[in-house]
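*Asks:* Below you will find the structure I want to go over with you.
The values are calculated or read from the model by the stated rules, or taken from the named source; none is laboratory data. Model, not experiment: these values are computed from the prediction. Cβ coordinates were reconstructed from backbone atoms using ideal geometry, including for glycine residues, and neighbour counts include every protein chain displayed. Protein only, heavy atoms only, side chains kept; ligands, DNA and RNA dropped before computing areas. Shrake-Rupley method; radii C 1.70, N 1.55, O 1.52, S 1.80 Å.
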Amino acid sequence: MRDDIEAAKERTINIVKNRRRAGTEPSFYILVPFSDPDFGPVFKTSDPDKFIDKLKELKADGGGDIPEMSLSALRLALTNTPPLSHIYVFTDAPAKDHELNDSILALIEQTKCKVSFLLTNAVSRRKRDVNDRFGNQLYRVLARVSGGLAVVIRRALISQLTSIIEDSATAALVTILQRENNPDYPSNLFIIHVDPTLQNITIYISGMPQSFRLSNPEGLQQPSTLSDGVLASMDRMGDLIIIRLHSPIDPGDWDLVVSSGIPYSVKVTGASVSYTSQLTFPCLDSQCLLSLK
């Protein structure tokens, strides 16, 4: 886990520095450490240098007892940041405090915060089911309910997660569509209504479907086998597929047809008016939870 935390720290520090250079710094930063059995305290500052110094102090200790107090740390993040914030959780372990799930769901509903989980998948590394109900499965449900994402990625690729974080932290995102597949059908059609006032439209498919096809309102198509076509560019990060529509984007109804024999989810976002947000970064000693407000 030491490598995971070092990579997450490096990515976070780069994001803070990039936002400072771009003049898009948040009102404040929050860090919530957690491990087992400890979590917290909340560190909050408006000074990016103090935040970076605090982040550098985080170290990976232990890690032999795989379940961690991730939901306790998430509860602290949800109760110490403003509504409509974005929270990012980096971890490789299931939740030891899974009994807090209902409390977390209530806080998500109350605060309207979006929670995304960036998972380096220690569960499968230790030969446990990836869909462990207290691990990835629980995190996926919380992400879906809140309007966030749950991404499983190999630790060697954790640096690639920066783009997901920065996309959410630098613009006011509107969720255009968020749905899970209908398991009764091998192929599902998702209709994406593109408003002409939106830009930077991104499609996220989580769960590694077999194939998909994107069509614009004029009927022009791009298959999943084409990573950079006339309609969009496509990247894969672990079990997440990211599709970014090329500009200018034709307004109207776009079709996304996805074929898969396993569960997956689709989320579509677009950027409108930029805003100043708050950043929260909770991290653990053997896991790491980072949250952006």
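*Asks:* Is it the case, given these coordinates, that Gly148 is modelled with pLDDT under 90, among the small types (Gly, Ala, Ser), open to solvent by 60 Å² or more (accessible area, probe 1.4 Å) and part of a loop (DSSP other than H, G, I, E, B)?
*Replies:* No; evaluated as a whole, the condition is false for this residue.
*Asks:* Restricting to the stretch 184-207, give me the number of residues that are open to solvent by 80 Å² or more (accessible area, probe 1.4 Å) and under 22 Å from Val151 (Cα atoms).
*Replies:* Here is the first cut: in the stretch 184-207, the ones open to solvent by 80 Å² or more (accessible area, probe 1.4 Å) are 184-186, 189, 191, 193, 196-197, 199-200.
With under 22 Å from Val151 (Cα atoms) added as a condition, the list becomes 200.
Selection size over the stretch 184-207: 1.
*Asks:* Using the structure shown, decide if Leu177 is modelled with pLDDT of 90 or more and open to solvent by less than 10 Å² (accessible area, probe 1.4 Å).
*Replies:* No; evaluated as a whole, the condition is false for this residue.
*Asks:* Between a residue in the stretch 195-215 that is within 15 Å of Ile241 (Cβ to Cβ) and at pLDDT below 90 and any residue that is part of a strand (DSSP E or B) and polar (S, T, N, Q), which pairs come within a Cβ distance under 8 Å, given they are 6 or more apart or on different chains?
*Replies:* Listed by first residue and then by second, the contacts come to Ser206/Ser265; Gly207/Ser265; Pro209/Ser259; Gln210/Ser259.
*Asks:* Restricting to helices (runs of 4 or more DSSP H) lying wholly in the stretch 9-113: which have 2 or more residues that are open to solvent by 40 Å² or more (accessible area, probe 1.4 Å) and touching a residue at least 24 places away in the same chain (Cβ under 8 Å)?
*Replies:* Answer list for the stretch 9-113: 70-79, 101-111.
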